[in-house]
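Below is one structure, written out as structure tokens, with a few remarks after it.
The values are calculated or read from the model by the stated rules, or taken from the named source; none is laboratory data. What you are looking at is a predicted structure, and each value in this text was computed from that prediction instead of being measured. Note that we place each Cβ from the backbone using ideal geometry, even for glycine, and neighbour counts take in every protein chain shown. These accessible areas exclude ligands, DNA and RNA; they are computed on the full protein's heavy atoms, side chains included. Shrake-Rupley method; radii C 1.70, N 1.55, O 1.52, S 1.80 Å.
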Protein chains: 6
Amino acid sequence: MIYITRKEHFNAAHRLFRADYSDEKNLEVFGKCSNPNWHGHNYELFVTVKGKVDPETGFLINLKELSRIINKLVVDKLDHKNVNVEVDFMAGRLASSENLAIAIWEQLEKPVNDAGAQLHCVKLFETERNFVEYYGN
Amino acid sequence: MIYITRKEHFNAAHRLFRADYSDEKNLEVFGKCSNPNWHGHNYELFVTVKGKVDPETGFLINLKELSRIINKLVVDKLDHKNVNVEVDFMAGRLASSENLAIAIWEQLEKPVNDAGAQLHCVKLFETERNFVEYYGN
Amino acid sequence: MIYITRKEHFNAAHRLFRADYSDEKNLEVFGKCSNPNWHGHNYELFVTVKGKVDPETGFLINLKELSRIINKLVVDKLDHKNVNVEVDFMAGRLASSENLAIAIWEQLEKPVNDAGAQLHCVKLFETERNFVEYYGN
Amino acid sequence: MIYITRKEHFNAAHRLFRADYSDEKNLEVFGKCSNPNWHGHNYELFVTVKGKVDPETGFLINLKELSRIINKLVVDKLDHKNVNVEVDFMAGRLASSENLAIAIWEQLEKPVNDAGAQLHCVKLFETERNFVEYYGN
Amino acid sequence: MIYITRKEHFNAAHRLFRADYSDEKNLEVFGKCSNPNWHGHNYELFVTVKGKVDPETGFLINLKELSRIINKLVVDKLDHKNVNVEVDFMAGRLASSENLAIAIWEQLEKPVNDAGAQLHCVKLFETERNFVEYYGN
Amino acid sequence: MIYITRKEHFNAAHRLFRADYSDEKNLEVFGKCSNPNWHGHNYELFVTVKGKVDPETGFLINLKELSRIINKLVVDKLDHKNVNVEVDFMAGRLASSENLAIAIWEQLEKPVNDAGAQLHCVKLFETERNFVEYYGN
């Protein structure tokens, strides 16, 4: 079993808030992340897949194919977008890093499997000092 | 003459567009940076000042004081904010990195001077692959 | 189960030595790290906690609270300090990275638990080329 | 149980190809990595070992000794070399990152064990956006 | 006057040697960089241009256009190539970082000018510890 | 004219204080950097030299020689040392980054010149957020 990781990135706007909270309550719970005028990040995304090395190619998976899957299903939907209002797979979810990592996992699990590897970890940096990791359960 | 640099950062949303352009024209000129729903960045800001070393302290300037000035006049106004709609010193300016660096210079020039140093350079990273530098003229 | 990590840092002096060794023996075992006049590092500390996402907030834990705990119990006691002589939770322990990571774990385990998450890993960089990880047993 | 990691690096040339493939087939499977005139990388290597802390020294393993082992058995054989034609432990293997990480593991497993620790992970960056990890099985 | 920088990268093989030197002399002058079987690097390239901000767009130059120029004239010719034998603009030149930076400058000076900016600096990292800068004379 | 830079590093302890100040005054002026028990840093040092490319070698200067000079005259005297009490060229000087950069310049200027290049800049990072640059006057 070997693990291979591809790093991608996207720049997006977001806001942490609940529509059923007052502005004061949103500010109390989410702090400045609740700013109604949005803020944003350069997100760094590390996708790790695992599996066996193909003796014919020396590859677990062709990284170009892995990168193509991540870009089509995740990066193209998030880059230069507003996570709260424009991203189909985040509809109805709070735009926290935790929820975003889980949603990215759901986007990638089956396509990575179809490409012959197994999704192992989605690691998402919101800033260089804060990141989340999700392993699928 | 010695140069000393302090790095600060802020996370903000922005959009590149002109109100007097059509959506199509904005898209043509500014690409996906014109997204009406905003996007955002983790901006990294490097402020360089120059001057003589004070033989009493070994300092050009006390970095705590420099950091305090940058935070009060720049970072607190930009962090978790929308550059286009909430930042007084960017009112009426296109929210490009170039204009933002120049505006930050204008905020800092006099206060840095009052603190006993001379502002030398404002360097602003929008992403790790794109940055601007402004030296005051 | 999701994992979230917060990065903090501190600058400290330390020395590797045993009082019951001669200077020659200390030099032989600990090399230049045994310098009696101390040396120091910019330590980078990554604290990872795990748990379930709160559906109300989208958070595993509020990162501001996690950062507050780490700063109060670890960073404030180590930053600009001498690990060997000033840090209560390192008293009587060799100031190696291994021992420091374990001691930091002991400081954080209960408070992180009280804050509603589970401490998963303490990762400590002494330099960018050397780091230790401790998972609690 | 504690984990300690040492980072080393080497610069090498390589090529992905199979002698039993035509040039067209190599290009189709391996893309520009199959260039017959070679290309190269600044490889970053992270070797993680695990074990118990020696109460006498506060060390899991002396990092100087770990570094010496990695340099003698791995770095000196790869640095400023051609992975395909000059590296004894890669003879007859496709020079992929996956195979290189596995081969490095095989080089290090016994010597690390003889030095009193247990090899835990070989992590190899081919570029800052692509890396593999191998845990020994 | 404002300065804007775009970072690009390429992976390439090279060798430092003179055909009119013996192998011994090449080894003496160029060390392990003279290895006849090549070695390689992940080169990081920073191209800085300068000029005035266009009040209409807030841009000095459209970074997409600058990136397109650098990729077409420099990166596409170097990436996954052998600097000594495959790069037209390096023909007949020693493949040192110094010469490579100067040759990249020559490739970019006129096209950057035609795009409305002025080439200011070509900065080329061979490794993270060695880099050269060229300002055009 | 071309510029080439070599990065080196050292880990050291230091303290900012004046013997002719009271403890209170030292604390007021130098803050926690005045801690009598010392603290320390992983210093990163970038030395930039300039000159003409030798057409015979393609080099401005052999980087191995530049590295040897920096290590012998600067790094070996500072690494795992106490800047205030053990470094000959810092005797009688406040151990600020500003003074350290200037002292490093004085150590390197003549030897770099003797090696056929001209010292251009000493850039010293005390932390990743604070650095000084000195150009010789």
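I need the full set of residues from the range D:81-122 which are among the polar types (S, T, N, Q) and under 29 Å from E:ARG15 (Cα atoms), in order please.
Start the filter on the range D:81-122 by keeping residues that are among the polar types (S, T, N, Q), which leaves D:82, D:84, D:96-97, D:99, D:107, D:113, D:118.
Correct list: D:ASN82, D:ASN84, D:SER96, D:SER97, D:ASN99, D:GLN107.
So, in the range D:2-34, how many residues would count as being within 14 Å of chain E (Cβ to nearest Cβ) and within 21 Å of E:THR127 (Cα to Cα)?
Summing the residues that are within 14 Å of chain E (Cβ to nearest Cβ) and within 21 Å of E:THR127 (Cα to Cα) in the range D:2-34 gives 10.
Given the conditions (1) at positive phi; (2) more than 8 Å from chain F (Cβ to nearest Cβ); (3) in contact (Cβ under 8 Å) with a residue 40 or more places away in the chain, which single one is not true for C:GLY58?
Among (1) at positive phi; (2) more than 8 Å from chain F (Cβ to nearest Cβ); (3) in contact (Cβ under 8 Å) with a residue 40 or more places away in the chain, C:GLY58 violates only (3).
Got a number for residues in the range F:39-95 being under 30 Å from C:ASP76 (Cβ atoms) and aromatic (Phe, Trp, Tyr)?
1
Where residues in the range A:31-49 are assigned to a strand (DSSP E or B) and open to solvent by less than 20 Å² (accessible area, probe 1.4 Å), which of them is farthest from A:ASP114 (Cα to Cα)? Reasoning before the result, please.
Quick first cut of the range A:31-49, residues assigned to a strand (DSSP E or B) only: A:39-49.
With the extra rule that they be open to solvent by less than 20 Å² (accessible area, probe 1.4 Å), the set shrinks to A:39-41, A:43, A:45, A:47-49.
Details: A:HIS39: 36, A:GLY40: 33, A:HIS41: 31, A:TYR43: 26, A:LEU45: 21, A:VAL47: 16, A:THR48: 15, A:VAL49: 12 Å.
Taking the candidates together, the pick is A:HIS39.
Whether any residue in the range B:35-50 is more than 19 Å from B:PHE125 (Cβ to Cβ) and more than 12 Å from chain A (Cβ to nearest Cβ) is what I want to check.
Checking the range B:35-50: at least one residue is more than 19 Å from B:PHE125 (Cβ to Cβ) and more than 12 Å from chain A (Cβ to nearest Cβ).
Can you find a residue that is without any contact (Cβ under 8 Å) to a residue 40 or more places away in the chain, in a helix (DSSP H, G or I), facing another protein chain (nearest Cβ under 9 Å) and touching a helix residue (DSSP H, G or I) at 6+ places or on another chain (Cβ under 8 Å) anywhere in the range D:64-82?
yes
Among the residues of the range A:83-95, count how many are surrounded by fewer than 21 Cβ atoms within 10 Å (Cβ to Cβ), in a helix (DSSP H, G or I) and not polar (S, T, N, Q).
Qualifying residue count, the range A:83-95: 4.
Would you mind telling me which numbered condition in (1) farther than 20 Å from D:ASN42 by Cα; (2) without any contact (Cβ under 8 Å) to a residue 40 or more places away in the chain; (3) out of contact with any helix residue (DSSP H, G or I) (no Cβ under 6 Å at 6 or more places or on another chain); (4) of a type outside the set (Asp, Glu) E:LEU108 fails?
(2)
Quick check: anything in the range E:5-17 surrounded by fewer than 17 Cβ atoms within 10 Å (Cβ to Cβ) and not in a strand (DSSP E or B)?
No, there is no match, as no residue in the range E:5-17 is surrounded by fewer than 17 Cβ atoms within 10 Å (Cβ to Cβ) and not in a strand (DSSP E or B).
Can you name the number of the only condition in (1) part of a loop (DSSP other than H, G, I, E, B); (2) buried (at least 21 other Cβ atoms within 10 Å of the Cβ); (3) of a type outside the set (Asp, Glu); (4) touching a Ser or Thr at 6+ places or on another chain (Cβ under 9 Å) that A:ILE61 fails?
Of (1) part of a loop (DSSP other than H, G, I, E, B); (2) buried (at least 21 other Cβ atoms within 10 Å of the Cβ); (3) of a type outside the set (Asp, Glu); (4) touching a Ser or Thr at 6+ places or on another chain (Cβ under 9 Å), only one is false for A:ILE61: (4).
I'm trying to understand the selection: among the residues of the range B:96-120, which are open to solvent by 10 Å² or more (accessible area, probe 1.4 Å) and not in a helix (DSSP H, G or I)?
B:ALA115, B:GLY116, B:GLN118, B:LEU119, B:HIS120
Could you look through the range D:121-137, keep only residues that are crowded, with 17+ Cβ neighbours inside 10 Å and acidic (Asp, Glu), and pick out the one that is nearest to the other protein chains (Cβ to nearest Cβ)?
So, considering only residues that are crowded, with 17+ Cβ neighbours inside 10 Å and acidic (Asp, Glu), the one nearest to the other protein chains (Cβ to nearest Cβ) is D:GLU133.
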